[in-house]
Amino acid sequence: MLNRDLRDILAGIFVSIVGLFFALVGTNYNFGTASRMGPGYMPVVLGWILFVLGVLIMIPAFFRKGERIEVHWDSLAASLVSLIVFAFILNILGVFLSTIIAVLIASMPKRMHFGVRGAIAISIAVITSLIFIAGLEMSVSLFPAL
Amino acid sequence: MELFDNLLLGLQVASDPTILWYCFFGVFLGTAVGVLPGIGALAAISLLLPMTYHMSPTAAIVMLAGVYYGAQYGGSTASILMNLPGGPASAVTCLDGYPMARKGKAGIALFITTIASLFGAMIGLILLVLFSPAIAEVGLKFGPAELFSMMVMGLVAASSMGTGSPIKGLAMVVMGVLLGMVGTDVNSGAARFTMDIPELMDGINLVALAMGLFGVAEVVRGIHGQDETQKIEKVTLRSMVPTKSEMNRSYPAMLRGSALGSALGALPGVGPSIAAFMAYAIEKKVAKNPEEFGKGAVQGISAPESANNAAAQTAFVPSLSLGIPGDAVMAIMLGALIIHGIQPGPMLINEQPEMFWGLVVSFFIGNIMLVLLNIPTIGIWVSLLRIPFTWLYPAILVFVALGVYSVNNNHFDIYMVAVLGVVGYLFMLLRFEAAPLLLGYILGPMVEENLRRALLLSRGDPSIFVDRPISATLLAITVMMLGWTMFKFLQRSLRRRHIP
């Protein structure tokens, strides 16, 4: 247990920052009048509304107890790196090898036997190739062009 | 008779082999994701979205809808066999379904939920057929002021009727509307919030947004979720035959569940999940044997399963007749239509009769397919539950990446998905529901457009919204809902303790 509801304090700060971003960047666009709204009208108005909502979420959270926030950093990092690496190597290595590498990265948070990991990677690569290349006729190369 | 002609037209469209195939594919996949805990209909529909670019709009919506109502059928399987809901709408089925399985009645429970699902879906479907054209007729008379008020009501309802904190839901809706403004403004041509990234000129890609918030974020959360493979008993066809008294107790429960589910499903913001919970609560109140609830009462599974399937059908009423999506799944489906250049709204039924009636008839066909899929082949679905999530989630990530890439053949979209996945996970950690955000994102541009038009007509006088009776009524309801939100917020704030 925490003395403050950290979750809603962070939630409120996050919402307020997003609101402030839209409200302030929105002033770069023409505001216009109510009868002839410019592109800046809605973003600025809604941005400030969002800012106020964030404050409303945050204030009461200071006065109540909260629970710890459990973050699975390893899951987040593995999924993220897997996607980014996949995007990076897709056109260089082709779908098959890229899938194997992406699956190996994504499965890192889980402890398992090396052979099992390889088997999962290869089977997913085969299924992916069948669905996207053979089934949906996607225009990406299956293997690296030599 | 007009209705008969329309249904005949729908039958012609729906019996086309391509449409039949996509209908089957949709309900098949829907059952699969419904059965599997951890993957919901939303994630599955987001994953299929890129495919719809290469399909006719009718085929696309038939398939996506199939996933949605198919998932309602499959959801009860894991609830009954593992005490783990396959989706949020079948969480309540655990309460009595799992005790039934413990007593060796898993087969009967699965049979009854399938029949209850069919029953609820058919009642919802009949109401959809009867009411949608009439509601669309009314909607055709709406001007920009009414459309604006109705959309705002839909957005506020979606945010405050959910299960979480209403004020956080409201924040999500507003954030969604703001995200919908990223890109080129249709009226002035100004590029808003693009930060000089050319890919953002067309706005944030719907596919990337849906996949990031629902696909990637669900994966990140699920990796360390429950993964112990439970012992699941075998279900044979013979074990599925219920006794006469079990069926007799189920029929009235199904009827009540369907009626409640149909009514709730058509309201914005109230989806199958809430319908199922309320149906269970009512059933427990009216039952002659309330002490049996929680220990394996058949009414405890038949009522909520009818309710969530009825709600899944009537949820299409506001989406198709007025263009107002009631939940995130509906929003994605309307988004798929917009991608094909079809503007959802009251004129949809008149302008695209083949699509509307074809879709409706495909619901009938799809529901029959689902019963055939769920009863004789139940063994296949049960064995699906034995696949650990460890084997599935890397595949989901690869499918997400390739799927979003296939839309524009652009790497930027994969990076975008990764970023939005982090945002989606952040939402989960901070207990924000992402569904209202998606709703705001889809409706946002339409809200802005109608607000501008209405105020242009009235020369900037905002009284146009209260002078017109329909608009005034809708806004009054909205204000009441907002008042309720504030009341709940104050009540919650005054308590010192955190309520999870």
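The values are calculated or read from the model by the stated rules, or taken from the named source; none is laboratory data. Keep in mind the model is a prediction, meaning the values are calculated, not measured. Note that each Cβ is placed from the backbone with ideal geometry, even for glycine, and that neighbours are counted across all protein chains shown.
Scanning region B:447-462 for residues that are at the interface with chain A (Cβ under 8 Å from one of its Cβ atoms), buried (at least 22 other Cβ atoms within 10 Å of the Cβ) and over 30 Å from the mean Cα position of the chain (by Cα) turns up just one, B:Leu455. Being surrounded by fewer than 22 Cβ atoms within 10 Å (Cβ to Cβ) and either charged (D, E, K, R) or without any contact (Cβ under 8 Å) to a residue 12 or more places away in the chain (or both) holds for only one residue in A:Tyr29, A:Tyr41, and it is A:Tyr41.
The lone criterion from (1) surrounded by fewer than 18 Cβ atoms within 10 Å (Cβ to Cβ); (2) touching a residue at least 24 places away in the same chain (Cβ under 8 Å); (3) at the interface with chain B (Cβ under 7 Å from one of its Cβ atoms) left unmet by A:Arg68 is number (3).
Of all the residues in region A:1-28, those that are out of contact with any helix residue (DSSP H, G or I) (no Cβ under 7 Å at 6 or more places or on another chain), at pLDDT below 90 and at the interface with chain B (Cβ under 7 Å from one of its Cβ atoms) number 0.
Among the conditions (1) within 11 Å of chain A (Cβ to nearest Cβ); (2) surrounded by 15 or more Cβ atoms within 10 Å (Cβ to Cβ); (3) of a type in the set (Lys, Arg), B:Arg468 misses just one, which is (1).
Scanning region B:406-421 for residues that are at the interface with another protein chain (Cβ under 7 Å from one of its Cβ atoms) and touching a residue at least 12 places away in the same chain (Cβ under 8 Å) yields B:Ser406, B:Ile414, B:Val417, B:Ala418, B:Gly421.
Given the structure, is B:Gly70 of a type in the set (Gly, Ala, Ser), buried (at least 23 other Cβ atoms within 10 Å of the Cβ) and assigned to a loop (DSSP other than H, G, I, E, B)? No: the conditions fail for B:Gly70. Residues that are within 8 Å of another protein chain (Cβ to nearest Cβ) and part of a helix (DSSP H, G or I) within region A:92-115 comprise A:Val95, A:Thr99, A:Ala102, A:Val103, A:Ala106, listed in sequence order. Against the numbered list (1) closer than 22 Å to A:Leu53 by Cβ; (2) surrounded by 17 or more Cβ atoms within 10 Å (Cβ to Cβ); (3) modelled with pLDDT under 90; (4) more than 10 Å from chain A (Cβ to nearest Cβ), B:Trp484 comes up short only at (2). Looking across B:Asp202, B:Asp185, one residue alone is under 25 Å from B:Met51 (Cβ atoms) and acidic (Asp, Glu). It is B:Asp202. Confirm whether A:Val126 is facing another protein chain (nearest Cβ under 10 Å) and surrounded by fewer than 17 Cβ atoms within 10 Å (Cβ to Cβ). When the stated conditions are applied, A:Val126 does not pass them.
Quick check, is B:Phe432 over 26 Å from A:Thr33 (Cβ atoms), within 11 Å of chain A (Cβ to nearest Cβ) and either of a type in the set (Ser, Thr, Tyr) or in a helix (DSSP H, G or I) (or both)? Judged against the criteria, B:Phe432 is not a match.
The helices (runs of 4 or more DSSP H) falling completely within region B:311-388 that include 3 or more residues that are over 17 Å from B:Leu125 (Cα atoms) map to B:328-339, B:348-351, B:353-374, B:378-384.
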